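The values are calculated or read from the model by the stated rules, or taken from the named source; none is laboratory data. Every value quoted in this text rests on a predicted model; they were computed, and no experiment measured them. All Cβ positions, glycine included, derive from the backbone under ideal geometry; neighbour counts span all protein chains shown. Accessible surface areas use protein heavy atoms only, side chains included; no ligands, DNA or RNA. Shrake-Rupley method; radii C 1.70, N 1.55, O 1.52, S 1.80 Å.
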Amino acid sequence: MKLASLNQGRDGVLVVVSRDLARAVRVPQIAVTLQAALDDWNATRPKLEAVYQRLNDGLIDDAFAFDQAACHSPLPRAYHWADGSAYVNHVELVRKARGAEMPESFWHDPLMYQGGADTFIPPHAPIRLADEAWGIDLEAELAVITDDVPMGATPAEAAGYIRLLMLVNDVSLRNLIPGELAKGFGFYQSKPSSSFSPVAITPDELGESWKDGKVYRPLVSHINDVLFGQPDAGVDMTFNFPTLVAHAARTRPLGAGTIIGSGTVSNYDRSAGSSCLAEKRMLEIVEQGEAQTPFLTFGDRVRIEMFDAAGQSIFGAIDQLVEKYE
């Protein structure tokens, strides 16, 4: 099943979207918003799936053409947004570039931070920031949306609470990160609003590409219409999504609508490219002694998308210009 939120009101208007992303239908008789659907998922899911089937069969008269640009993020705001770092090879590379050893614990204890969840950016809206000197970077990722998760859930139990998947652009301000981390209190100003794909999907939409709590498809990023990277999201993912959800729930319950991100998708095979400029710059430092690739500047365009084996877009695209905030 595929769901989206039209960019209307603070929490959007829930629509069911056809598998080919061509048509959509509002479902106020089931749930007005995606959060409302998640709050009562056991009751709303079968009703939404029935609409989804009829929509794909062409049996809904009031369906309309689906416009990705008319969407907000599937959850325009969320009660909880936490981002992990599931691709430890990426963490290892970043530390190597600055001559730091990586603690062995990073291989079995995930990194995670809690981000701002009140002001997500619509997937086709500009990324507006005040200063290019902040080091503006994209981070192409995947994320899951959970149901209520009890505190202390094991990874096996957490797998049963994953309801939807999305793509993420976890915008980062690289030149602000060192100063913040040096304070010993984590990210804040260096992590502005994130963006999510127009469409959220149930895991079954991925078929065999959803396996062991991972998505085995390339995540494709373009900068200014030039291919930047297409690493496979399942390959080299050290911590799968159930493990990340269980990590987040270790000392607290998670409410329905919690979003948990994978962190920057990265492969050991660097021929697939990268999912963030920081990684590309770190590779240049390791190989050439200094970074050559600049961070994003005003006027740059970022596009993040994932395709199925037939070349069909699965989640729609995050497609954004970087603009100066006035």
(request) With +1 on each Lys and Arg Cβ and -1 on each Asp and Glu Cβ, and nothing else charged, work out how big the dipole of region 183-224 is about its Cα centre, in Debye to the nearest 20. (result) 340
(message) With a 1.4 Å probe and all protein chains left in place, how much accessible area per residue does the chain have, in Å²?
(response) 43
(request) Report, ordered by chain and residue number, the lysines lying within cross-link reach of Lys2, taken as a straight Cα distance under 26 Å and ignoring same-chain residues fewer than 8 apart. (result) Lys47, Lys211, Lys214
(message) On a straight-distance basis, which lysines could pair with Lys96 in a cross-link, Cα separation under 20 angstrom, same-chain partners fewer than 8 positions away excluded?
(response) Lys280
(request) Report Rg/Rh for region 232-326, rounded to two decimals, where Rg is the Cα radius of gyration and Rh the Kirkwood radius. (result) 1.03
(request) Calculate for the chain the 222 nm mean residue ellipticity that helices alone would give, adding -39,500 (n - 2.57) per DSSP H run of length 4 or more and normalising by residue count, nearest 500 deg cm²/dmol. (result) -5500 deg cm²/dmol
(request) Find, to one decimal place in angstroms, the Kirkwood hydrodynamic radius of region 49-102, where the mean of 1/r is taken over every pair of different Cα atoms and then inverted. (result) 16.1
(message) Under the 0.36 nm per residue contour assumption, what length would be gained going from the current alpha-carbon distance of Leu111 and Lys324 to full extension?
(response) 73.6 nm
(message) Accessible area of the chain with a 1.4 Å probe: how many percent of it is carbon plus sulfur?
(response) 50
(request) Among the lysines, select those whose C-alpha is under 21 Å from the C-alpha of Lys324, and discard any that sit fewer than 8 residues away in the same chain. (result) Lys191
